[in-house]
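The values are calculated or read from the model by the stated rules, or taken from the named source; none is laboratory data. Computed from a predicted model, the values in this text were never measured in an experiment. Here the Cβ positions follow ideal geometry from the backbone for every residue, glycine too, while neighbour counts run over all protein chains shown. These area figures cover heavy atoms from the full protein model, side chains too; ligands, DNA and RNA do not enter into them. Shrake-Rupley method; radii C 1.70, N 1.55, O 1.52, S 1.80 Å.
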Amino acid sequence: MDSIDIIRRQWAQECPDLNTLPMGILGRMLRVTKYLEAQISDWLKSHGLLTGEFDVLMTLRRHGEPYRLTPSALLHSMMLTSGAMTNRLDKLEAKGMIVREHSREDRRSVEVLLTSSGLACIDTILDDYVAMQERLLVELSSDDQQTLSALLKQWLLSLDNGER
């Protein structure tokens with residue numbers, strides 16, 4: 001029994017007709033999310049990065065060479081506000097992980113470019129990052145991980161489609 005079971009049991013005593021299954025699912029997801037965010041944040045801090053900075057570096061890295069995107073493309077792929085993006089870019093630029101350059105096609109436009117230092121940082125910690133994620137999922141079998149991934153994908157797609 002976990003803390004969510006206790007909460008559901010309390011509700012069952014107070015309101016026997018209340019469907020607490022969704023409450024249980026969402027409550028567990030929220031607690032798991034908080035736990036995972038804390039673990040990942042602590043791991044990133046040990047590498048001198050904040051979660052948001054890491055997201056920017058990873059986004060640039062996964063887009064491939066020349067590791068260059070416009071701030072609006074970063075915004076779109078990361079679903080941030082422009083103020084939050086500017087703050088992250090300022091911090092990464094101060095650390096020497098990215099530079100902002102005028103676009104080669106349109107000098108009025110700026111592009112964010114992963115520096116060799118930023119690329120080295122990501123490439124150095126990427127395998128450890130994946131290993132850390134694997135450790136966080138170790139209690140789930142490979143089949144369970146595949147099932148969970150498929151269920152979450154299905155749910156996320158339905159939520160995304162409902163927002164349109």
Problem - Output for the range 66-85, where each listed residue is in contact with a Pro (Cβ under 8 Å, 6 or more places away or on another chain) and surrounded by 12 or more Cβ atoms within 10 Å (Cβ to Cβ) - result: Met85
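Here is a list: Ser149, Ser142. Which entry is more than 20 Å from the chain's Cα centre (by Cα), open to solvent by 50 Å² or more (accessible area, probe 1.4 Å), at pLDDT 95 or above and not aromatic (Phe, Trp, Tyr)?
On the way: Ser149 fails: more than 20 Å from the chain's Cα centre (by Cα).
Only one candidate qualifies: Ser142.
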Completion exercise
Every listed condition ((1) out of contact with any helix residue (DSSP H, G or I) (no Cβ under 6 Å at 6 or more places or on another chain); (2) at pLDDT 95 or above; (3) among the hydrophobic types (A, V, I, L, M, F, W, C)) holds for Leu80 save (2)
Exercise for the section: Given the conditions (1) open to solvent by 70 Å² or more (accessible area, probe 1.4 Å); (2) of a type outside the set (Val, Ile, Thr); (3) under 18 Å from Pro66 (Cβ atoms), report the number of the one that Leu137 does not fulfil. Expected result: (3)
Handout entry: Selection from the range 4-25 of residues that are assigned to a helix (DSSP H, G or I), more than 20 Å from Leu151 (Cα to Cα) and of a type in the set (A, V, I, L, M)
Key = Ile4, Ile6, Ile7, Ala12
Practice task
Take Met58 and decide whether it is touching a residue at least 60 places away in the same chain (Cβ under 8 Å), surrounded by 11 or more Cβ atoms within 10 Å (Cβ to Cβ), in the same structural domain as Arg104 (by the TED database) and over 14 Å from Glu111 (Cα atoms).
Solution key: yes
Problem - Single residue of the range 100-118 satisfying the filter (open to solvent by 40 Å² or more (accessible area, probe 1.4 Å) and modelled with pLDDT of 90 or more) that is nearest to Leu89 (Cα to Cα) - result: Arg100
Problem - Scope the range 77-103; condition assigned to a loop (DSSP other than H, G, I, E, B) and over 14 Å from Tyr67 (Cα atoms); matching residues - result: Met79, Leu80, Thr81, Lys95, Gly96
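Considering only the range 26-37, I want to know if a residue exists there that is in contact (Cβ under 8 Å) with a residue 12 or more places away in the chain, aliphatic (A, V, I, L, M), in a helix (DSSP H, G or I) and open to solvent by 30 Å² or more (accessible area, probe 1.4 Å).
First, the residues of the range 26-37 that are in contact (Cβ under 8 Å) with a residue 12 or more places away in the chain: 27-28, 31, 36-37.
Narrowing the set further to residues that are aliphatic (A, V, I, L, M) leaves 36.
With the extra rule that they be in a helix (DSSP H, G or I), the set shrinks to 36.
Checking which are open to solvent by 30 Å² or more (accessible area, probe 1.4 Å) leaves us with 36.
Yes: the range 26-37 contains one or more residues that are in contact (Cβ under 8 Å) with a residue 12 or more places away in the chain, aliphatic (A, V, I, L, M), in a helix (DSSP H, G or I) and open to solvent by 30 Å² or more (accessible area, probe 1.4 Å).
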